[in-house]
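A.B. asks: So that we are looking at the same thing, I have put the structure below in structure tokens.
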Amino acid sequence: MTTSASTPSRARPAVGAAKATRRSADAAIPAVEVRNVTRRFGAKLALKGVSLRVHAGTIHALLGPNGAGKTTLLRILTALASPTDGEVEVLGSHPGGRMLKSRIGFIPSGDRSFYLRISGRENLAFFARLHGLGRRQALDEADRALASVGLADAARLRVASYSHGMQKRLSIARALVTTPEVLLVDEATHDLDPEGGRVVRELVSELASDGTAVLWTTQRIDEIRGFADRVTLLREGEVAFTGTVPELMAHAIPRRYLLRIRNGGPNGPELTERLQAALAERGTIAAHGGLDNYVLALADEAVLGDAIAALTATDVDVLTCHQERSEIEEAFLHLTRTVGT
């Protein structure tokens, strides 16, 4: 049985039809709205005047280093904590209440709340019953959710036999048993391999395309490219940035590049000195991990093209040039280091 390689089902017409109706109801009204929220733990401010909006049918990425306040905000949105100041609305209501909870899905980061000695199907049916579904309906919804995440073949296996990636899919399936209008995701891919992360993102993208509003927290900066519609970046409990992914990337200040250089003569300290002299005030260059490899660090106002031209003027060929970090990572580091300092 190849349960771990099952392909997620793309056919969810009943759910998709319902969500398409919800999405078209009023696109101008956010499904999640956080207004000037502050959360204090004793003398410590975990959140400081945070505001954001998540609309139906969109994925809103919530970024930030450890301790930035991401999980605290999710706890407020799931009614596990209350704001000290400010207002939060989910689907037009304050968080909490049985009816509202059945319209919200939550995928936690580290999930140990499944019963390992019973099957995935029995686990999902149990959680569906907690939301008030009858026994037959709970089993039907469990089967539908398991099929949607590619676990139909493993439905009757004990969860103890599931791989880590399968248990993560089961967490997603649990969030789907009530066909959520809002999905809150806390670091869902941080401990998955690249393929597992891709599968999870595809499943969440399908939900958003059906009309679900998704708030996706992550520290995997590059995974939001081509995935998230908008981004909010938290730094020490405050909003350091909010906007689209291209707008975030506009804050990137790429300063370091990995170069591969071909020289007609011998490499070594003399070549490095010659290259450095050619760069002058444009930056610094140093050998890196091999005879032909160098790191170019640009000065603040230097232009990369000018630096490359200066290097090639010394009768060397620059064969390759790559940023040491991605644009998104550069923007993340720039914003988290400079805002509020």
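The values are calculated or read from the model by the stated rules, or taken from the named source; none is laboratory data. Not measured: the values here are computed from a predicted model. Cβ sites come from the backbone with ideal geometry, for glycine too, and all protein chains shown count toward neighbours.
A.B. asks: Which ones in segment 152-197 are over 22 Å from residue 104 (Cβ atoms) and in a loop (DSSP other than H, G, I, E, B)?
C.D. replies: 155, 156, 157, 162, 163, 191, 192, 193 - these are the residues of segment 152-197 that are over 22 Å from residue 104 (Cβ atoms) and in a loop (DSSP other than H, G, I, E, B).
A.B. asks: Working only within segment 207-266, note down all residues that are part of a strand (DSSP E or B) and free of Cβ contacts under 8 Å to residues at least 60 places away in the same chain.
C.D. replies: 243, 261, 262, 263
A.B. asks: In this structure, is residue 226 surrounded by fewer than 21 Cβ atoms within 10 Å (Cβ to Cβ), assigned by TED's automatic domain parsing to the domain that holds residue 56 and under 19 Å from the mean Cα position of the chain (by Cα)?
C.D. replies: The answer is yes for residue 226.
A.B. asks: Further question on the same structure: Scan segment 117-128 and tell me whether some residue there is on the phi < 0 side of the Ramachandran plot and assigned to a loop (DSSP other than H, G, I, E, B).
C.D. replies: Yes, segment 117-128 has at least one match.
A.B. asks: Moving on to the next point. Would you be able to say whether some residue in segment 138-151 is in the same structural domain as residue 112 (by TED's automatic domain parsing), touching a Lys or Arg at 6+ places or on another chain (Cβ under 6 Å) and in a loop (DSSP other than H, G, I, E, B)?
C.D. replies: Scanning segment 138-151 turns up at least one residue that is in the same structural domain as residue 112 (by TED's automatic domain parsing), touching a Lys or Arg at 6+ places or on another chain (Cβ under 6 Å) and in a loop (DSSP other than H, G, I, E, B).
A.B. asks: Let me ask you something else. Considering each of 309, 278, 297 in turn, give the residue that is free of Cβ contacts under 8 Å to residues at least 24 places away in the same chain and surrounded by 12 or more Cβ atoms within 10 Å (Cβ to Cβ).
C.D. replies: None of the others qualify; the one that does is 309.
A.B. asks: Specify the residue that is modelled with the lowest pLDDT; the eligible residues are those in segment 323-341 that are in contact with a helix residue (DSSP H, G or I) (Cβ under 8 Å, 6 or more places away or on another chain) and of a type in the set (Asp, Glu).
C.D. replies: If we take residues in segment 323-341 being in contact with a helix residue (DSSP H, G or I) (Cβ under 8 Å, 6 or more places away or on another chain) and of a type in the set (Asp, Glu), then 327 is modelled with the lowest pLDDT.
A.B. asks: Starting from segment 70-95, keep only residues that are on the phi > 0 side of the Ramachandran plot, then list their pairs with residues that are part of a helix (DSSP H, G or I) and among the hydrophobic types (A, V, I, L, M, F, W, C) whose Cβ atoms are within a distance under 8 Å, requiring at least 6 positions of separation or different chains.
C.D. replies: Matching pairs, first to second residue: 91/100.
A.B. asks: Taking residue 91 as the residue in question, decide whether it is of a type outside the set (Val, Ile, Thr), at pLDDT below 95 and crowded, with 19+ Cβ neighbours inside 10 Å.
C.D. replies: Yes; evaluated as a whole, the condition is true for this residue.
A.B. asks: Please work out which residue is modelled with the lowest pLDDT, limiting yourself to segment 280-322 and to residues that are among the small types (Gly, Ala, Ser) and assigned to a loop (DSSP other than H, G, I, E, B).
C.D. replies: 290
A.B. asks: Moving on. Would you check which residues across segment 237-255 are closer than 17 Å to residue 321 by Cβ and either surrounded by 15 or more Cβ atoms within 10 Å (Cβ to Cβ) or small (Gly, Ala, Ser) (or both) and list them?
C.D. replies: Matches in segment 237-255: 252, 254, 255.
A.B. asks: Which ones in segment 230-249 are out of contact with any strand residue (DSSP E or B) (no Cβ under 7 Å at 6 or more places or on another chain) and closer than 20 Å to residue 33 by Cα?
C.D. replies: 235
A.B. asks: A further question follows. Of all residues in segment 94-131, which are exposed (fewer than 15 other Cβ atoms within 10 Å of the Cβ) and hydroxyl-bearing (Ser, Thr, Tyr)?
C.D. replies: Hits for segment 94-131 are 113, 115.
A.B. asks: Could you grab me the full set of residues in segment 33-68 that are surrounded by fewer than 17 Cβ atoms within 10 Å (Cβ to Cβ) and not polar (S, T, N, Q)?
C.D. replies: Those that are surrounded by fewer than 17 Cβ atoms within 10 Å (Cβ to Cβ) and not polar (S, T, N, Q): 35, 40, 41, 42, 43, 44, 45, 49, 65, 67.
A.B. asks: Spot the failing condition for residue 205; the list is (1) under 25 Å from residue 140 (Cα atoms); (2) touching a Leu at 6+ places or on another chain (Cβ under 7 Å), and only one is missed.
C.D. replies: All conditions pass for residue 205, except number (2).
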